[in-house]
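Down below is the structure, laid out as structure tokens.
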Amino acid sequence: MKRIKQMNSKRMMFAAGIEDTFIIDPHGRSGKTLEEYELIGHYDKWRTDLQLVASLGVDALRWGIPWYRVERERGEFDWSWTDQVIRYLVDELHVAPIIDLIHYGTPAWLKDGILDPEFPSAFMHYVEQFISQYDGVVEFVTPVNEPLTAAEFCGRRAEWPPYKADDTSFIGIMVVLSRVAVLASEKLADAGMKSVHVEVAGRTVAADPSLQETAAQKNLQNQLYWDLITGKVDDAHGLIPWLLAHGCTKQNLSWFRDHPAHIDIFGVNYYPQWSDTLLLRTATGEIVSRPVNSGSLHFSQLMENFWNRYQLPLMVTETSIRGPVWEKTRWLQESVATCATLRARNIPVVGYTWFPVIDMVDWEYRNQSGPVEDFVIELGLWTIDRTDRSCVDVYRGIIRDGR
């Protein structure tokens, strides 16, 4: 196992990531799925992709297992492809994987996805099989990536299975994912693996005073995963009335207070173009949110707030920006410099990740007609055809200098 020693050193660890969303249920209108490894050609080009990652000089790669392929039939596991990839990454390229056990998407045999009654036991069996397969090979694991986003798309927007659109489903998904993340972290710790818990970060600001309470509730919902797995949802928590009114029992909340997760790294996913939103009321009275680019100032404030509230080692597990090379370069330099400034103030930012390192396909591809090429989002350091952007050298230089 390649162990990342930078966590306890004066240097941050640097990482890259490959987008790993696996929504395999065909959309009702378009008939499309959202299988990012297929869409970006990673199944065919995985060796090239990993070589590109290693050429940056990174310590680690956030990379996800396609659970639906590993366990096509319940209880029957095939690790042959993931073995090739992980062994090549570790043994040949000497890059440490940070494994997503579930980014987004579940096997087809879980008919109701995350809300399927069999999901918790199936997921925990998958975790056990993963540990058995990669004990001594993988050090860092993310049990569940971005529960908030999964709950939004599966339980509130009805865009992904099980296609729900109500607060009860949203909360149900958050509770289920939080619970299995806690249980998985215990098993990972017993096996000597480290848990990197990852959640989307953001802030909602009210455009006028009449929306301040709504914005405050939204912000509490944004940190619900963290509050659940750290046992902070007590009787005084601001979401208690909402949670109890939509199916979350006091027994559920008590369980979380009695079973705080094992957390080695607090992973923060922050995108300056999308993470912060402005809540406003339209001329017709409708309440809508609009993304606002708050840049590095709010990014710094957000990281500091997380440290003050949770007192856990922080890692930027995802960040990037959509735009031309100069804009990517500026955000890369600004965001890394922000992490360095926080570290100088003794706030333990232990790592930084540019994600995705190769351009990804917009999630809207699944919902709409048109070819893949029309939906590519230029977030990567390399284009989808693996053409090098000039900001690649900027990241190499930052890593080399050990900022």
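So which pairs qualify, if the first residue must be in the range 160-182 and free of Cβ contacts under 8 Å to residues at least 24 places away in the same chain, the second must be assigned to a loop (DSSP other than H, G, I, E, B), the Cβ gap must be under 6 Å, and the two must be at least 6 apart or on different chains?
Within 6 Å, the pairs are Ala165/Ala158.
Which of the residues belonging to the range 221-237 are more than 17 Å from Thr168 (Cα to Cα) and either in contact with a strand residue (DSSP E or B) (Cβ under 8 Å, 6 or more places away or on another chain) or not β-branched (Val, Ile, Thr) (or both)?
Correct list: Gln223, Trp226, Asp227, Ile229, Gly231, Lys232, Asp234, Asp235, Ala236, His237.
Within the range 177-217, restricting attention to residues that are hydroxyl-bearing (Ser, Thr, Tyr) and touching a strand residue (DSSP E or B) at 6+ places or on another chain (Cβ under 8 Å), which residue is nearest to Thr353 (Cα to Cα)?
Our first condition is that a residue be hydroxyl-bearing (Ser, Thr, Tyr); within the range 177-217, this holds for 178, 185, 195, 204, 210, 214.
Narrowing the set further to residues that are touching a strand residue (DSSP E or B) at 6+ places or on another chain (Cβ under 8 Å) leaves 185, 195, 204, 210, 214.
Numbers: Ser185: 22, Ser195: 16, Thr204: 24, Ser210: 38, Thr214: 32 Å.
Once the filter is applied, the top-ranked residue is Ser195.
Okay, residues lined up against (1) closer than 30 Å to Leu220 by Cα; (2) not β-branched (Val, Ile, Thr):
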position	(1), (2)
Val288	yes, no
Tyr310	yes, yes
Val316	yes, no
Thr319	yes, no
Glu327	no, yes
Arg345	yes, yes
Ile358	no, no
Asp393	no, yes
Ile398	no, no
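Which one is surrounded by the fewest Cβ atoms within 10 Å (Cβ to Cβ), of the residues in the range 8-50 that are charged (D, E, K, R) and not in a loop (DSSP other than H, G, I, E, B)? Spell out the reasoning first.
Residues of the range 8-50 charged (D, E, K, R): 10-11, 19-20, 25, 29, 32, 35-36, 38, 44-45, 47, 49.
Pick out the ones that are also not in a loop (DSSP other than H, G, I, E, B) and you get 35-36, 38, 44-45, 47, 49.
Numbers: Glu35: 21, Glu36: 24, Glu38: 16, Asp44: 11, Lys45: 16, Arg47: 14, Asp49: 23.
Result: Asp44.
Under 21 Å from Thr341 (Cβ atoms), at pLDDT 95 or above and outside any strand (DSSP E or B): does that describe Tyr395? Step through it out loud before you land on a result.
Values: under 21 Å from Thr341 (Cβ atoms): yes; at pLDDT 95 or above: yes; outside any strand (DSSP E or B): yes.
In short, yes.
Pull out all pairs, ordered by first then second residue, where Cβ-Cβ is under 7 Å, the residues are six or more apart or on different chains, the first lies in the range 39-56 and is at positive phi and in contact (Cβ under 8 Å) with a residue 24 or more places away in the chain, and the second is surrounded by fewer than 16 Cβ atoms within 10 Å (Cβ to Cβ) and among the hydroxyl-bearing types (Ser, Thr, Tyr).
From the range 39-56, no pairs qualify.
In the range 306-326, is there at least one residue being over 21 Å from Pro272 (Cβ atoms), out of contact with any strand residue (DSSP E or B) (no Cβ under 7 Å at 6 or more places or on another chain) and not in a helix (DSSP H, G or I)?
Going residue by residue through the range 306-326, those that are over 21 Å from Pro272 (Cβ atoms) are 308-313.
Restricting the remaining residues to those that are out of contact with any strand residue (DSSP E or B) (no Cβ under 7 Å at 6 or more places or on another chain) gives 308-309, 311.
This time we only want the ones that are not in a helix (DSSP H, G or I), so: 311.
So far as the range 306-326 goes, yes, one or more of its residues are over 21 Å from Pro272 (Cβ atoms), out of contact with any strand residue (DSSP E or B) (no Cβ under 7 Å at 6 or more places or on another chain) and not in a helix (DSSP H, G or I).
Could you list, in sequence order, all residues of the range 339-357 that are surrounded by fewer than 23 Cβ atoms within 10 Å (Cβ to Cβ), in contact (Cβ under 8 Å) with a residue 24 or more places away in the chain and in a helix (DSSP H, G or I)?
Of everything in the range 339-357, those that are surrounded by fewer than 23 Cβ atoms within 10 Å (Cβ to Cβ), in contact (Cβ under 8 Å) with a residue 24 or more places away in the chain and in a helix (DSSP H, G or I) turn out to be Ala340, Thr341, Leu342, Arg343.
Please note which helices (runs of 4 or more DSSP H) are completely contained in the range 176-288 and include at least 1 residues that are touching a Leu at 6+ places or on another chain (Cβ under 9 Å) and among the small types (Gly, Ala, Ser).
Details: elements: 212-222, 224-229, 240-245, 250-258.
The qualifying helices (runs of 4 or more DSSP H) are 212-222.
Looking only at the range 96-108, decide whether some residue is charged (D, E, K, R) and over 30 Å from Asn219 (Cα atoms). Steps first, answer last, please.
Taking the range 96-108 first, the residues charged (D, E, K, R) are 100.
Then drop every residue that is not over 30 Å from Asn219 (Cα atoms), which leaves none.
No, the range 96-108 contains no residue that is charged (D, E, K, R) and over 30 Å from Asn219 (Cα atoms).
Quick one: Arg386 ticks every box in (1) surrounded by 18 or more Cβ atoms within 10 Å (Cβ to Cβ); (2) at positive phi bar one, so which box is it?
(1)
Any residue at all in the range 380-388 that is modelled with pLDDT of 95 or more, assigned to a loop (DSSP other than H, G, I, E, B), under 18 Å from Val316 (Cα atoms) and not hydroxyl-bearing (Ser, Thr, Tyr)?
The answer is yes; a qualifying residue exists.
Within the group His298, His246, which residue is modelled with pLDDT under 95 and either of a type in the set (Gly, Ala, Ser) or surrounded by fewer than 21 Cβ atoms within 10 Å (Cβ to Cβ) (or both)?
None of the other options fit; the residue is His298.
Quick check, is Ala261 surrounded by 14 or more Cβ atoms within 10 Å (Cβ to Cβ), within 22 Å of Gly155 (Cβ to Cβ) and modelled with pLDDT under 95? Spell out how you get there, then give the answer.
Values: surrounded by 14 or more Cβ atoms within 10 Å (Cβ to Cβ): yes; within 22 Å of Gly155 (Cβ to Cβ): yes; modelled with pLDDT under 95: no.
Criteria not met by Ala261.
Kindly indicate which of Gly192, Gly231, Gly155, Gly172 is at pLDDT 95 or above and surrounded by fewer than 17 Cβ atoms within 10 Å (Cβ to Cβ). It would help to see each step written out before you state the result.
Details: Gly231 fails: surrounded by fewer than 17 Cβ atoms within 10 Å (Cβ to Cβ); Gly155 fails: surrounded by fewer than 17 Cβ atoms within 10 Å (Cβ to Cβ); Gly172 fails: surrounded by fewer than 17 Cβ atoms within 10 Å (Cβ to Cβ).
Answer to the selection: Gly192.
State which residue is nearest to the chain's Cα centre (by Cα) when the search covers only the range 144-175 and only residues that are of a type in the set (A, V, I, L, M) and not in a helix (DSSP H, G or I).
From the range 144-175, those of a type in the set (A, V, I, L, M) are 144, 148, 150-151, 158, 165, 171, 173-175; that's our starting set.
Add one more test, that the residue is not in a helix (DSSP H, G or I), and what stays is 144, 158, 165.
Details: Val144: 8, Ala158: 20, Ala165: 22 Å.
Looking at residues that are of a type in the set (A, V, I, L, M) and not in a helix (DSSP H, G or I), I get Val144.
The values are calculated or read from the model by the stated rules, or taken from the named source; none is laboratory data. Keep in mind it's a predicted model, so treat the numbers as computed, not measured. Positions of Cβ are generated from backbone atoms using ideal geometry, with glycine treated the same way; all protein chains shown enter the neighbour counts.
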